[in-house]
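The values are calculated or read from the model by the stated rules, or taken from the named source; none is laboratory data. As the structure is a computational prediction, the values presented were derived from the model and not from experiment. Backbone-built Cβ (ideal geometry, glycine too); neighbour counts: all protein chains shown. These accessible areas exclude ligands, DNA and RNA; they are computed on the full protein's heavy atoms, side chains included. Shrake-Rupley method; radii C 1.70, N 1.55, O 1.52, S 1.80 Å.
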Amino acid sequence: MHFVSVVILTCTLLVGTSWGTKAGQPPTPPCRPGFSESFYTVFVSRDLLRGQSILKDTSLSSERVKFEDCQHSKEVGFESSDPNFSVRPDGSVYAEQEVANLSEPIQFMVTARGGHDPHIWETTVKLALVGHQPSVPVSQIGVEDMIARAWDSNPRVIKFPRKHQKSSSANGLRRQKRDWVIPPINVPENSRGPFPQMLVRIRSDQDLEKGIRYSITGAGADQPPIDVYNIDPVHGKMFVTRPLDREERASYHLRAHAVDMNGNKVESPIDLYIYVIDMNDNRPEFQNQVYNGSVAEGSKPGTLVMQVTANDSDDDTTANGMVRYRILSQTPHMPIPNMFTINSETGDIFTMAAGLDREKVSQYIIIVQATDMEGNLNFGLSNTATALISVTDINDNPPELTARTFSGEVPENSVNVVVANLTVIDRDQPHSPNWAAQYRIASGDPQGHFLIRTNPINNDGMVTVVKPVDYEQNRAFMLTVIVSNKASLASGIQSSLQSSAGVTISVQDVNESPVFPTNPKSIRFEEGVPAGTTLTVFAAQDPDLFIQQTVRYSKLSDPANWLRINRTNGQITTMAVLDRESMYVRNNIYEATFLAADNGSPPASGTGTLQIHLIDVNDNAPVMMPKEAQLCERANPRSKVNITASDADADPHVGPFVFELPSYPPSVRRNWTVSRISGDYAQLRLRIPYLDAEVYDVPIIVSDSGNPPLSNRSIIKVKVCPCDDNGDCTTTGAVAAAGLGTGAIIAILICIIILLILVLVFVMWMKRREKERQAKPLLIDPEDDVRDNILKYDEEGGGEEDQDYDLSQLQQPESVEHIISKPVGVRRVDERPIIAESQYPVRPSLPHPGDIGDFINDGLRAADNDPTAPPYDSLLVFDYEGSGSTAGSVSSLNSSSSGDQDYDYLNDWGPRFKKLADLYGGETTTERGVWVGYGGGPGGGIGVRCSSKPQAGPKQYHMRYSHSRPVRRGRNLRECSTRRPVTSPGSAATLFWLF
């Protein structure tokens, strides 16, 4: 079996050298990442030695380790197994640190790692001083010899190097020298065993003199992957324990050790380099199962279309990893079956023949096969992929109009109207620049009335009016249209004769609107012209020259209603006086709009604007400002008022203004004086040294500069007031001078009236409340009333074995319907009797202190005789409280005040505490009773408490029952002031009222 494998591998290597070369073309080897050699020998010149050492960072040789990453990336890094030496990115070997001795050859492994590629490549580098005989590199050993060595039935023996003394010179220096360099060990991958399989034997020359123990260390032995190799410690036989996979790890670096029986090192460790020989056990794998490529139609033979790539995990330096490509099939077989060819080594697909036409075949399907063993179909492994080649469009079909002439019509004065539709045919790829049409008007439209837009959906040309046409000027247009594509025609393609056509456009006459020749029309007039003045004639023209029509005029907009227009001739006259200062005049211009309409079918109308520029005249007297001012009662330079004037007219009928005081009344000129500051401003001040604080109306006459000038008598209210040192009116003075106006006085009076009304309402409410309080009858003085005190005692739950009970049985029913509906003779004894309620005495509205006792006695007598008042004269049924309790008895607990406490002082507290004094005092006139409870068992018991609750009649006392801790029989629970004994039989407890 071994012999057959050797023969197959040898034949494959011999045949593969001549396979895959394309006829007539030298093959271009594909780029394959990795080291160029698996073993490098680097000779180190003795000139680099400093004594016997090599300094740090010294480059050892000009020879480099060559590595090809196929991507020209600078991220490839090298790692060395020897810490003393390393490899730079350019491949030069240098000393990582100072090396003391390089007298003997040194071997180490170099690993290359890519920045993005997780693959790892390894090679071996041997350093030797010039003068040593290098070993033969693995790449120079024949394949037959490599296989023979790997499968040699008599494994070689590797001995530890012998050491001997050699004189160097007269100085007596001695050095050691190794006899040879240990070559690598080659092991084929995927070996079928049997395992463990012996590789070599490690032997020391001292094994004849003493007992030697052998061991190996490194990755594959005592480091991951562990136990791939082991060694017989006695005989030194080294074994491989399982099949190897070169694709997982291509080489191993181990070290062999020899020690004596005591563990002392006998020999220096030796390096063992194991290389896994590749076998063809991996098929080529395409990077994609489907490749997409494209080629332009009409491409010449030899045009590159695309590239397919298949990777083989086997060693690409051998035939096992050398992939070759070929095309298995082409679909469709048009125009010939072999339209494409492929470079067997690179996977580049080229066109082989001319005739690609997208309009006939738009896509080709190519089946590509990749085979290793350099394409040997007999020994190689194959795989296939699909290449989809799309034929891209070029502009090899010019657009052609479907007709030689087209026609359309358009109404005059229409805009953005499609008047004709031009259809075109283009066989290129739709909606591409090679298909999209562009239309151009070559002649027939010198003024640019028409534009042809392209419909993006169907590529038609839409002749559109972009500038109005006039029937009176042009009744028809003869256009010459040329169509082309957005993209230029391909080289060698000529335009078609059908790429141009004639278009006839007829213009339809329509009734056009009258047009004002000058729009807007401007005229100039002075303001103030009287009504009935003729301003101008604003007439319109009818563009319809071939139709006799009448134009009529009307007013469309006249904001101030100043104008009138003649309906027949358009003469405009005034209806009122024109005023430049009117709110309807803007920037001295008054605008009005008029309508001109003809009597055509249908009628048409047009508008015109008349602008009247009004020239100003002096028709507005000036108005003085401000209307109010303030002055000090004593004349001083700072006490003055600046006055000015405003005029609605325009220049020159405004300032400078003249300010003067009237001669009447005489006191004006006697008390006041006006001095001019500038053309528009003047100052008013006191003429006399002192004037009483008061508000004065000072008349001033203001005149403008018009021709003739206009004057106006204006009044300014001056408040004369005392001033402080700064010339400002004091607060008191300002108030005194200002006085109160009518509005302020009215507001103050209203506020006073509202305040008085509020006080009166409050007083009436207080009196009414006092009356209600006096009219309300009170039984007891409010200061002594304590009826709102509800006594609250600590409530205790039921026994530990009785926590589930229904308190609704203790409540008084709100209705008696369920009682009435019961059968006769069946009634609960704790329900309210169904009888008429007793009548209680009515409390008098104005009780007399002497009648209170009688009133209480009457109410008590009525309560005693009322069978409907609770508690009822019946047996009360209580819930069962359990048969026993783990808690102890509390019957021995008594009130701390039950014997020694003196309660006689309660008699001194008045009638309100008489009941309490009767219960606890020494002398009593009222019956006293005690609740005595008899438990139904050892754990049974009832807790009872008393409280008072106001009722609709006289005051009554009610008993409230609650579950309590167990009590002994015969012990009083609580005393209550009531006269009605109640018994409560039941399985749980019985309560009696004892007198």
Please check which bits of segment 609-639 a label hung off Thr518 would reach, taking the label as a point 7 Å along Cα-to-C-beta and the cut-off as backbone N under 16 Å. 609-614
Tell me, what HN-Hα J-couplings in whole Hz come from the Karplus equation 6.51 cos²θ - 1.76 cosθ + 1.60 at θ = phi - 60° for each residue of segment 215-229, using x for Gly and Pro? 7, 10, 9, x, 5, x, 10, 9, 10, x, x, 7, 6, 6, 10
With r as the distance between the Cβ atoms of Ser663 and Arg638 and R0 = 22 Å, compute the FRET efficiency 1/(1 + (r/R0)^6) and round to 0.05. 0.15
With the Cα gyration tensor of segment 504-646 in hand, convert its eigenvalues to equivalent ellipsoid semi-axes via √(5λ) and list them largest first in whole Å. 53, 16, 10
Counting only residues 5 or more places away or on other chains, whose amide H sits under 5 Å from the amide H of Asp396 once H atoms are built in the peptide plane? Ala490
One would report the antiparallel percent of DSSP beta bridges in segment 285-392, rounded to the nearest 5, as 75
Determine, from the Cβ-Cβ distance of Tyr690 and Val623 and an R0 of 30 Å, the FRET efficiency 1/(1 + (r/R0)^6), rounded to the nearest 0.05. 0.45
For segment 185-277, compute Rg over Rh where Rg is the Cα radius of gyration and Rh is the Kirkwood radius from the inverse mean 1/r over Cα pairs. 1.00
Carbon and sulfur atoms: what percent of the 1.4 Å accessible area of segment 185-277 do they account for? 48
Pairs Lys126/Lys210; Lys159/Lys210; Lys56/Lys265; Lys56/Lys159; Lys771/Lys915: which are spaced more than 26 Å apart, C-alpha to C-alpha? Lys126/Lys210; Lys56/Lys265; Lys56/Lys159; Lys771/Lys915
Between Ala560 and Ser62, with labels modelled 7 Å along Cα→Cβ, what's the label distance in nm to one decimal, could you check? 10.9
Accessible-area order for Ser36, Ser714, Ser414, largest to smallest, probe 1.4 angstrom, reads Ser36, Ser414, Ser714
Report the label-to-label distance for Leu545 and Thr480 in nanometres (one decimal), using points 7 Å from each Cα along the Cα→Cβ vector. 2.9
Compute, for Trp909, the solvent-accessible surface of its heavy atoms (probe 1.4 Å) with the complete set of protein chains present, and express it in square angstrom to the nearest 10. 130
Whole-Hz ³J(HN,Hα) from phi, Karplus 6.51 cos²θ - 1.76 cosθ + 1.60, for segment 99-104, glycine and proline x: 10, 6, 8, 10, 6, 10
The answer for segment 595-706, accessible area per residue at 1.4 Å probe in Å², is 50
In whole percent, the fraction of accessible protein surface over segment 34-129 that belongs to carbon or sulfur atoms, probe radius 1.4 Å, stands at 46
Using 0.36 nm per residue of separation minus the Cα-Cα distance, give me the extension gain between Val763 and His431 in nm, one decimal. 109.8 nm
Please give the solvent-accessible surface of His253 in Å², to the nearest 10, using a probe radius of 1.4 Å with every protein chain present. 50
Suppose every Lys and Arg Cβ carries +1 and every Asp and Glu Cβ carries -1, with no other charges. What dipole size does segment 185-277 come out with about its Cα centre, to the nearest 20 debye? 120
Between Asp245 and Lys360, what FRET efficiency follows from the Cβ-Cβ distance if R0 is 51 Å, with the result rounded to 0.05? 0.50
Just subtract the alpha-carbon distance of Met462 and Gln498 from 0.36 nm times their residue separation and send over the number in nm, one decimal. 11.2 nm
Heavy-atom accessible area per residue - segment 285-392, 1.4 Å, Å²: 43
Name the residues of segment 687-705 whose amide N is less than 15 Å from a point 7 angstrom out from the Cα of Thr673 along the C-beta direction? 687-691
If amide H atoms are built 1.01 Å from N in the plane of the peptide, which residues on other chains or at least 5 residues away come under 5 Å of the amide H of Ile615? Phe525, Glu526, Glu527
At 1.4 Å probe size, with the rest of the protein present, what percent of the exposed accessible area of segment 623-721 is carbon and sulfur atoms? 52
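Multiply the residue gap between Arg586 and Lys771 by 0.36 nm, knock off their C-alpha separation, and tell me the result in nm, one decimal place.
Working it through step by step, the gained length comes to 58.9 nm.
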Whole-Hz ³J(HN,Hα) for each residue in segment 451-464, computed from phi via Karplus 6.51 cos²θ - 1.76 cosθ + 1.60 with θ = phi - 60°, x for glycine and proline: what do you get? 9, 9, 9, 9, 6, x, 7, 10, 6, 6, x, 9, 6, 10
Label-point separation (nm) for Ala650 and Ser45, each offset 7 Å from Cα along Cα-to-Cβ? 10.5
Write down the accessible area per residue of segment 400-506 in Å², having rolled a 1.4 Å probe over the full set of protein chains. 54
